[in-house]
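Working notes, beginning with the structure itself.
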Ligand SMILES: O=C(O)c1ccc[n+]([C@@H]2O[C@H](COP(=O)([O-])O)[C@@H](O)[C@H]2O)c1
Ligand SMILES: Cc1cc2nc[nH]c2cc1C
């Protein structure tokens, strides 16, 4: 029997009405298909922390030093993401890909102390962009080959990164900034949103001549966190390891990854629909429809909180698959057996 058929039988044959676990069935099947064989789940959560020079333009409500302070909380196990990871027994690592401090926070893979203000110059130099991509890809490869990690979730921490994400999405698609700019971490604030839109238009105008590829767009307008997440997703794709997308920032990284390598779409699992208005567009670029996203909780925290909740759901599904009774085990005779067979057959 082909592996895909086995996976279908495994999930469809659980003692439950067919399809009654909805999207969880669809996504756990996708994880099993990515693995290509039955494996024991070994999840790993990576958080990419970086500052963004574009905050100079007044596009964030919180001061940039929060990037450093909250990344420190994460390293100390005192952020929401740590609590969520502990709940599901998921290891979590903070990678400093550009926090604006001399002393790195967590694992040091930073090529610079933040991206530059993209309204004035490219956010990253070519050397910085290449360095961060290679360093992160190396880290992912090591986690897979030496530690056996087989499901990644990605998160980020970076004041100003909803502006860099909206800018990259605008650069990728040309969608009007009105549709892809939201409040970010700020409470509703019309003036802030107007400033974010103008900043993005200014950035695109400055770099449009040189933005000829997805890499150029990421380098000119992106943040080091988005570039890092995109590289991590591409490495997962190469190694055929599934990964879970979080909110807006990681969805934009995924949009870039799937433009660079179409096969990234096969390995990406959505988690939640962020409050940010660009979320659905970013996912759509990678071929994921809003209807396929399991969690709708109006979240916008980042850190990978939605992604880790999804890993928890997948873990619960894998446990259910291996520990629950099978439809075929019901001891039924006569009419009852026929009726159940009809229900399974018509699923
Ligand atoms: O993940 C999301 O969809 C999301 C939406 C809004 C804000 N955030 C988080 O808030 C920070 C960015 O917000 P801002 O307003 O500074 O651009 C950054 O640290 C993100 O993790 C995250
Ligand atoms: C406190 C705080 C925590 C965060 N975590 C991710 N983004 C954040 C932004 C702020 C402001």
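Taken together, the values in this text are just the output of simple stated rules run on the coordinates, not laboratory data. The structure displayed is predicted, hence computed values, not measured ones. Because the Cβ atoms are built from the backbone with ideal geometry, glycine has one as well, and the counts that use them run over all protein chains shown.
With the Cα gyration tensor of region 211-347 giving a ≥ b ≥ c as the square roots of its eigenvalues, does the rule (a/c under 1.5 for rounded; else a/b larger than b/c for prolate; else oblate) give rounded, prolate or oblate?
Verdict is prolate for region 211-347.
In what sequence, highest mean first, do 328-336, 163-171, 234-242, 134-142 appear when ranked by Cβ atoms within 10 angstrom?
163-171, 234-242, 134-142, 328-336
Indicate the gyration tensor shape class of region 142-182 (rounded, prolate or oblate), computed on the Cα atoms with a ≥ b ≥ c the square roots of the eigenvalues: a/c under 1.5 is rounded; otherwise a/b larger than b/c is prolate and the rest oblate.
It comes out prolate by the Cα gyration axes.
Could you give the spread of the C-alpha atoms of the chain along their three principal axes, from largest to smallest, in whole angstroms?
77, 40, 35
Using the number of other C-beta atoms within 10 angstrom as an exposure proxy, rank 8, 96, 225, 291 with the fewest first.
Exposure proxy ranking, most exposed first: 291, 8, 96, 225.
When DSSP beta bridges are limited to those with both residues in the chain, what percentage is antiparallel, rounded to the nearest 5?
Bridges in the chain are about 5 percent antiparallel.
Using only Cα atoms, locate the centre of region 113-187 and the centre of region 1-33, then give the distance between them in Å, rounded to an integer.
Taking the Cα centre of region 1-33 as reference, the centre of region 113-187 is 33 Å away.
Using a/c under 1.5 as the rounded threshold, could you call region 62-120 rounded, prolate or oblate? The axes a ≥ b ≥ c are square roots of the C-alpha gyration tensor eigenvalues, and prolate needs a/b larger than b/c, oblate otherwise.
Note, shape of region 62-120 comes out prolate.
Taking only Cα atoms, what is the 0 to 90° angle, nearest 10, from helix 126-145's long axis to the longest principal axis of the chain?
30
Using helices alone, what [θ] at 222 nm do you get for the chain, with -39,500 (n - 2.57) per DSSP H run of 4 or more residues, divided over all residues and rounded to the nearest 500?
Computed mean residue ellipticity for the chain: -16000 deg cm²/dmol.
Restricting to Cα pairs below 8 Å that are 6+ residues apart, what does the relative contact order work out to for the chain? Please round to a whole percent.
This gives 23 percent for the chain.
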